[in-house]
1. In segment 72-84, which residue that is in contact (Cβ under 8 Å) with a residue 40 or more places away in the chain and in contact with a strand residue (DSSP E or B) (Cβ under 9 Å, 6 or more places away or on another chain) is nearest to the ligand (Cβ to nearest atom)?
2. Which of (1) at pLDDT below 95; (2) surrounded by 16 or more Cβ atoms within 10 Å (Cβ to Cβ); (3) over 14 Å from the mean Cα position of the chain (by Cα) does A250 not meet, given it meets every other one?
3. Filter segment 235-292 down to residues that are within 16 Å of the ligand (Cβ to nearest atom), hydroxyl-bearing (S, T, Y) and within 21 Å of N60 (Cβ to Cβ), then give me how many there are.
4. Need pairs with beta-carbon distance below 6 Å; first residue within 15 Å of R320 (Cβ to Cβ) and within segment 119-139, second in a helix (DSSP H, G or I) and acidic (D, E); sequence gap 6+ or separate chains.
5. Among the listed residues P236, P243, identify the single one that is modelled with pLDDT of 95 or more, touching a Ser or Thr at 6+ places or on another chain (Cβ under 7 Å) and farther than 22 Å from L118 by Cβ.
6. Name the pairs whose Cβ atoms lie under 8 Å apart, with the first residue in segment 284-296 and in contact (Cβ under 8 Å) with a residue 40 or more places away in the chain, the second among the hydroxyl-bearing types (S, T, Y) and part of a helix (DSSP H, G or I), and 6 or more positions between them or separate chains?
7. Got at least one residue in segment 193-205 being in contact (Cβ under 8 Å) with a residue 12 or more places away in the chain and of a type in the set (D, E)?
8. Please find, within segment 171-192, the residue that is surrounded by the most Cβ atoms within 10 Å (Cβ to Cβ) out of those that are free of Cβ contacts under 8 Å to residues at least 40 places away in the same chain and not charged (D, E, K, R).
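The values are calculated or read from the model by the stated rules, or taken from the named source; none is laboratory data. Remember, it's a predicted structure, so these values are computed and weren't measured experimentally. Glycine gets a Cβ as well: all are built from the backbone with ideal geometry, and neighbour counts include every protein chain shown.
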Amino acid sequence: MFRSYQYTENSYLNYSMQNNLFQQKEIALARQFVEKNHIKKDLQKNCPLCGCKTSRFFFNKWNVDYLCCDECDSIYAVCDENVVEAYLSHKDLLDFRLSSDYQNQITESRRSVWADYLEWVEVRAYRFLGRNKRLTIFDVGNRFCGLSDLTRESELCGRYIAVDSAFMHGHNDMIKSEEADLVFYNDVIKSEINPSERIRSIRGYLKEDGLLFLGARAGSGFDIITLKENNTKIYPYEHVLLPSVKGITALLNNNGFEVLEITTPGVMDVKYVMDDLDKLGDREEFVRYLLKEKNETILQEFQRFLQKSCMSSFIRVIARKAMV
Ligand SMILES: [Zn+2]
């Protein structure tokens with residue numbers, strides 16, 4: 001497996017962020033839902049990534065407990081499957097996210113990030129698949145019309161199939177097995193109750209030599225571990241699963257995939273902790289000291305260190321079907 005030492009040169013300060021007002025509204029809607037839908041706290045659950053039976057308490061947010069797996073250090077919420085499903089189809093939240101204002105604002109702020117992503121996929125597809133034009137792409141769980149449009153328009157794409165995408169309103173394109181050259185599965189695992197089942201379905205979509213491109217917030221990342229419940233970007237039931245690098249590798253290996261490349265090219269960890277610096281716990285004196293220096297060169301260097309050592313909270317994986 002290739003653990004890349006390449007890192008993103010973008011300054012985290014130049015990185016475009018989702019408009020704060022939209023984010024606050026989204027979080028407020030989620031909080032209302034969670035407060036109306038409390039769950040029993042004594043639910044027993046194995047680690048959804050590696051299957052380990054033991055875990056330790058990590059944090060509590062809005063009365064929902066998050067545990068950290070003793071084996072792979074992934075983080076997962078103690079939650080009821082039906083409640084998470086109800087959250088994901090909660091009408092107020094869906095309507096808000098599908099509104100043209102919301103979608104347009106996301107498209108505007110992320111277009112260049114998405115274009116970079118598709119270029120990166122093109123290079124990797126050529127490297128690992130030997131072809132990168134007019135491919136059949138299955139896009140699983142995509143919430144953003146702008147990303148879907150950009151993917152369809154790219155040279156990479158010959159046929160585009162949306163699977164379980166919010167903007168398809170519960171309708172799926174015709175799915176046939178072993179048809180996909182590439183499967184995109186980006187930023188979806190955070191809300192998965194049964195990730196093993198999902199990964200096995202994805203395996204079924206892929207041609208024999210097809211590739212899975214997975215992107216996720218990683219529980220083993222700097223801002224997640226440092227901020228815990230004070231991370232404003234992480235909340236129930238939007239985030240019920242934050243896999244570690246070790247956890248995601250175990251999940252893929254246990255469900256018929258060989259990991260070809262795993263990197264954490266995140267650029268936002270330091271910025272996220274800076275944003276919530278006043279909420280740092282008492283034990284985080286070193287982090288507070290480091291970040292209060294506010295020397296941009298040092299902080300960028302630190303973010304690069306996180307990227308290079310696979311410790312950023314944004315993880316990218318390329319995997320292919322393992323021989324059986
Ligand atoms: Zn685990």
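1. S74
2. Among (1) at pLDDT below 95; (2) surrounded by 16 or more Cβ atoms within 10 Å (Cβ to Cβ); (3) over 14 Å from the mean Cα position of the chain (by Cα), the lone unmet condition for A250 is (1).
3. Looking only at that region, the number is 1.
4. Correct list of pairs: N132/E122.
5. Result: P243 is the single residue among P236, P243 that is modelled with pLDDT of 95 or more, touching a Ser or Thr at 6+ places or on another chain (Cβ under 7 Å) and farther than 22 Å from L118 by Cβ.
6. Going by the 8 Å Cβ cut-off, the qualifying pairs are E284/T226; V287/T226.
7. No: zero hits.
8. That would be I175.
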